[in-house]
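The values are calculated or read from the model by the stated rules, or taken from the named source; none is laboratory data. No experiment lies behind these values; they were computed from the predicted model shown. Cβ coordinates were reconstructed from backbone atoms using ideal geometry, including for glycine residues, and neighbour counts include every protein chain displayed.
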Amino acid sequence: MKTFEIVTHAIDPQHYADMVLRPEAGAVTLFTGHVREWTKGVRTLYLAYEAYVPMAEKKLAQIGAEIEERWPGAQTAIAHRIGELAISDIAVVIAVSSPHRKAAYEANEYAIERIKEIVPIWKKEIWEDGEEWIGDQKKKPEGDGV
Amino acid sequence: MITVHYFAGLKEVTGVSQEQANLSGYTVQQLAQWAAEKYPGIDAGAARIAVNEEYALPEDRLQPGDVAAFIPPVSGG
């Protein structure tokens, strides 16, 4: 298991929390993003995620490096799942440890925002009456994803 | 030769996930124009282009063996 990775299997969040835990850490924030059934009145049956895997893993690692720079002492592990995911499945996990809790909270939110900006991963929503790659925001509202 | 990757909605327009093309010496901007001519339905303007797994600038020039990728707006998370 890698610290920054794209996976095709179910995610166990605890593994990533364990990766960042160390004696200096007084706080670990663990964020899991899940597949949501309803988005602004449109019912999703399931999601299909695709990634440019080698670049996506590099960009996840870049986010980890950005966090270390902005919140010295913070350590990060991130995994994103691709393939077909069912409602409530974990799509992404972000674990951040830091000496004190404020940095762990802030850095964790920073990580998900950056994922949505720079990491080459795409989500296709499959509805009862069709499907669409999200990103062009045609039918779907603002990117309020997870 | 240059390898060109397409993802997500762009892949559905091109019908291929990757291809080889003789684009050495092209700038990234010229690569986008080439794709837009080859695949009229492609919205190359909305995509960012990566070269060797890093976002590239329009003026960057492709070298033999480079791997380029059209990155449509991302939607992870």
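Working only within the stretch A:96-116, note down all residues that are acidic (Asp, Glu) and within 13 Å of the chain's Cα centre (by Cα).
Hits for the stretch A:96-116 are A:109, A:113.
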Can you tell me which of A:46, A:16 is assigned to a strand (DSSP E or B), in contact (Cβ under 8 Å) with a residue 24 or more places away in the chain and surrounded by 15 or more Cβ atoms within 10 Å (Cβ to Cβ)? A:46
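Given A:27, A:10, which one is farther than 30 Å from residue B:51 by Cβ and out of contact with any Phe, Trp or Tyr (no Cβ under 9 Å at 6 or more places or on another chain)? Outline the logic, then answer.
Numbers: A:27 fails: out of contact with any Phe, Trp or Tyr (no Cβ under 9 Å at 6 or more places or on another chain).
Unique residue meeting the criteria: A:10.
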Of all residues in the stretch B:49-77, count the ones that are closer than 12 Å to residue B:5 by Cα and surrounded by fewer than 19 Cβ atoms within 10 Å (Cβ to Cβ). 3
Checked the stretch B:12-25 for anything surrounded by fewer than 19 Cβ atoms within 10 Å (Cβ to Cβ), modelled with pLDDT of 95 or more and either within 11 Å of chain A (Cβ to nearest Cβ) or part of a loop (DSSP other than H, G, I, E, B) (or both); matches are B:15, B:16, B:17, B:18, B:22, B:24, B:25
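Looking for something more than 14 Å from chain B (Cβ to nearest Cβ), crowded, with 23+ Cβ neighbours inside 10 Å and within 20 Å of residue A:13 (Cβ to Cβ) - is there at least one such residue anywhere in the stretch A:76-87? First the steps, then the outcome.
Initially, the stretch A:76-87 is screened for residues more than 14 Å from chain B (Cβ to nearest Cβ), giving A:76-77, A:84, A:86-87.
Now drop any that are not crowded, with 23+ Cβ neighbours inside 10 Å, which leaves A:76-77.
After this cut, where a residue has to be within 20 Å of residue A:13 (Cβ to Cβ) as well, the list is A:76-77.
Yes; the residues of the stretch A:76-87 include at least one that is more than 14 Å from chain B (Cβ to nearest Cβ), crowded, with 23+ Cβ neighbours inside 10 Å and within 20 Å of residue A:13 (Cβ to Cβ).
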Could you check the stretch A:51-75 and list, in sequence order, the residues that are within 11 Å of another protein chain (Cβ to nearest Cβ) and among the charged types (D, E, K, R)? A:57, A:58, A:59
For the stretch B:26-77 the number of residues that are farther than 25 Å from residue A:114 by Cβ, within 14 Å of chain A (Cβ to nearest Cβ) and modelled with pLDDT of 95 or more is 1
Within the set of pairs 6+ apart or on separate chains, which have a first residue in the stretch A:89-115 that is part of a strand (DSSP E or B), a second that is charged (D, E, K, R), and C-beta atoms under 6 Å apart? A:91/A:81
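Looking only at the stretch A:23-43, count how many residues are among the basic types (Lys, Arg) and not in a strand (DSSP E or B). Before the answer, list the steps.
The initial filter retains those residues of the stretch A:23-43 that are among the basic types (Lys, Arg), namely A:36, A:40, A:43.
After this cut, where a residue has to be not in a strand (DSSP E or B) as well, the list is A:36, A:40.
The total comes to 2.
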